[in-house]
Amino acid sequence: NLQLNPERYTGYAGPSARRIWDAIYSENCPKYSSGEICQEKKVLYKLISGLHSSISVHIAADYLLNETSNQWGENLELMYNRVLRYPDRVRNLYFTFLFVLRAVTKAADYLEQAEYDTGNHAEDLKAQSLMRQLLHNTKLQAACPLPFDEAKFWHGQSGPELKQQIQKQFRNISALMDCVGCEKCRLWGKLQVLGLGTALKILFSVDGQNQPDQPLQLQRNEVIALVNLLNRLSESVKFVHEMGPPIEKIMGEQVSEHPAPEIGSWQRIWETLVGLRLGKLISS
Ligand SMILES: Cc1cc2nc3c(=O)[nH]c(=O)nc-3n(C[C@H](O)[C@H](O)[C@H](O)COP(=O)(O)OP(=O)(O)OC[C@H]3O[C@@H](n4cnc5c(N)ncnc54)[C@H](O)[C@@H]3O)c2cc1C
């Protein structure tokens, strides 16, 4: 039960956790510099970095502040040091959120018709109704009419190979999740990577106009992963949006002798993304 096992601080850290992140970044998403690698690979890097930011936000938002008294709460310093002080990490979080939101809105017809069958009729009806509210939410639709033109990604000469390569990289990332040495982290890690894979599948593998014979097919687990990932990312974005300015103010004052790279940047990032210039960000 995911609700009984929320994504939060678990104490999983040190060389083991670091090795997993290093492996994900170095083997699967080589850091790029402008012009060196194609857009698709940039997208993959941004997605993983955005997911990493989101995980860090959830750790900071629900942290074991005092082990003796079992006191849980927000660790604002950690939030600042791991995410807020790095504009690119914040930008990648927003990017990943909009990417997944775009996938959900694109698959709206399918998701509306999908079976939400748990055996508990009342719960199933509620799930259906909540999905409908999500899919027809006008604010979400307005925020995400076309964050970028995903169709153009696969139309180049090397499109099919790139697609295969990215699918392989995603399989590698999923396999790496099995090495995460903390059960809860592994659960959430696997779920969210499956959610990202599902978003990619929707956005890149299925194009209703070009492949009318191949209607979108998702497995039950993929739908669950996609919706839970959207929830995790939206909670992270909300936290950063609401808590970002006060945290940056406090931390900015504390570190004024050692200035951070760019304080106050998250707000510009949000404005840029909601200004629907995400397509430009991909190639930036
Ligand atoms: C799949 C997975 C799931 C996890 N889930 C949890 C969890 O639920 N609860 C928990 O307490 N811990 C979890 N962890 C551990 C947690 O993510 C950190 O690894 C741990 O807290 C140690 O943090 P750190 O400060 O060493 O930096 P890490 O977060 O381990 O980061 C390692 C390095 O990656 C780079 N980096 C960091 N963030 C980004 C970013 N957004 N974009 C690009 N590069 C970045 C930096 O160079 C950083 O030094 C998880 C780890 C993994 C691999």
Pairs 168/190; 106/168; 163/190; 106/238: which exceed 18 Å Cα-Cα? 106/168; 163/190; 106/238
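Just to be sure I follow: if Rg is taken over the C-alpha atoms of segment 65-120 and Rh is the Kirkwood radius over the same atoms, what is Rg/Rh?
Result: Rg/Rh = 1.25.
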Amide H of residue 72: which non-local residues (sequence gap of 5 or more, or other chain) have their own amide H closer than 5 Å, using H built in the peptide plane? 65
Mind ranking 64-74, 188-198 by how tightly packed they are, going by the mean number of other C-beta atoms within 10 angstrom, highest first? 188-198, 64-74
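Each reported figure results from applying straightforward, stated rules to the coordinates on display, with no laboratory input. Keep in mind that what you see is a predicted model, and the values were worked out from it rather than measured. Every residue, glycine among them, receives a Cβ derived from its backbone with ideal geometry; neighbour counts consider all protein chains shown.
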